[in-house]
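Below is one structure; the comments refer to it alone.
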Amino acid sequence: MHFFLMTVAAAAIAAAPDRSVTGTWSLETEVMGYTGSAVCALMQEGNTVTGTCTSEGINRPVTGETAGGKFTFQHASEYEGQVLTIVYSGTLDSDTVLAGSMTVRPFEVSGAFKATKQQQAQSLTGRWLIHLNIIGRQGDQDCTFTQKDKELTGTCKSYDAGGDIEGTVDGNKVKWLLKRDTGSTGNLNFSGTTSADGTIKGTVDVPAYNVNGEFTAIRAPAGQPPLS
């Protein structure tokens, strides 16, 4: 029986995933009733952790390490002229959440933190089919987007007109202006949010007529014929 239990334990250890702190994390902290927040971009190479934590517009270099399924990292801070070191420690038991204790040195006061991993937004580059509903009138567009960093460009076609687009992407938020070939009175402003299911949903405005509506965009299925 002892040999069997040792075998099971060894198999469980071998099957355990190698988790990493690499990624961008949204931190929420609490120390002695005071709450705070930060965004930490961490990089793990082997057992070494580096990166930066940003709070109140200040970037602070991070150093740390992982060992035996646990992590610790720290960065400098300051309070009323006093130099501080903030130390975070916890267990690597999730791919998307870091949680544990934090210590403020040299005061040696302790608190807790929880960090949620930010999901990397997928590039919007590609072909999209957009369905619009503006004050009850339905319409469809066939668009090709190109995303470079936060810049969005491309072209759109509908049954009666087409045009160029220019816009921006910020996380899961996306905005673009469609400059229609028919002139500025046909221009459309889109503002939407990318969803986990891969769609973009939001509002569309027609500034020339002061009307607005809603739209849903999906990636064009392979082999989908273009609008004509």
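The values are calculated or read from the model by the stated rules, or taken from the named source; none is laboratory data. It should be emphasised that the depicted structure is a prediction, and the values quoted were computed from it without experimental measurement. Cβ atoms come from the backbone with ideal geometry, glycine included; neighbour counts cover every protein chain shown.
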>> Being of a type in the set (Gly, Ala, Ser), surrounded by fewer than 11 Cβ atoms within 10 Å (Cβ to Cβ), touching a strand residue (DSSP E or B) at 6+ places or on another chain (Cβ under 9 Å) and in the same structural domain as Ile134 (by TED's automatic domain parsing) is the requirement here; does Gly198 meet it?
In response: yes
>> Which of the numbered conditions does Ser26 fail, given that it passes all the others? Conditions: (1) part of a strand (DSSP E or B); (2) modelled with pLDDT under 95; (3) crowded, with 16+ Cβ neighbours inside 10 Å.
In response: (3)
>> Within region 97-136, take every residue that is among the charged types (D, E, K, R) and within 25 Å of the chain's Cα centre (by Cα) and give me the one that is farthest from Ser26 (Cα to Cα).
In response: Arg127
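Checking the condition modelled with pLDDT under 90, surrounded by 13 or more Cβ atoms within 10 Å (Cβ to Cβ) and among the aliphatic types (A, V, I, L, M), which residue from Leu178, Leu152, Leu227 passes?
None of the others qualify; the one that does is Leu227.
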>> Looking for something assigned to a strand (DSSP E or B), touching a Leu at 6+ places or on another chain (Cβ under 8 Å) and not aliphatic (A, V, I, L, M) - is there at least one such residue anywhere in region 96-113?
In response: yes
>> I'm trying to understand the selection: among the residues of region 78-99, which are small (Gly, Ala, Ser) and free of Cβ contacts under 8 Å to residues at least 24 places away in the same chain?
In response: Gly81, Ser89, Gly90, Ala99
> Based on what the data block shows, is Asp160 outside the structural domain of Val62 (by TED's automatic domain parsing), out of contact with any Cys (no Cβ under 7 Å at 6 or more places or on another chain), under 30 Å from Glu214 (Cβ atoms) and assigned to a strand (DSSP E or B)?
Replying inline: no
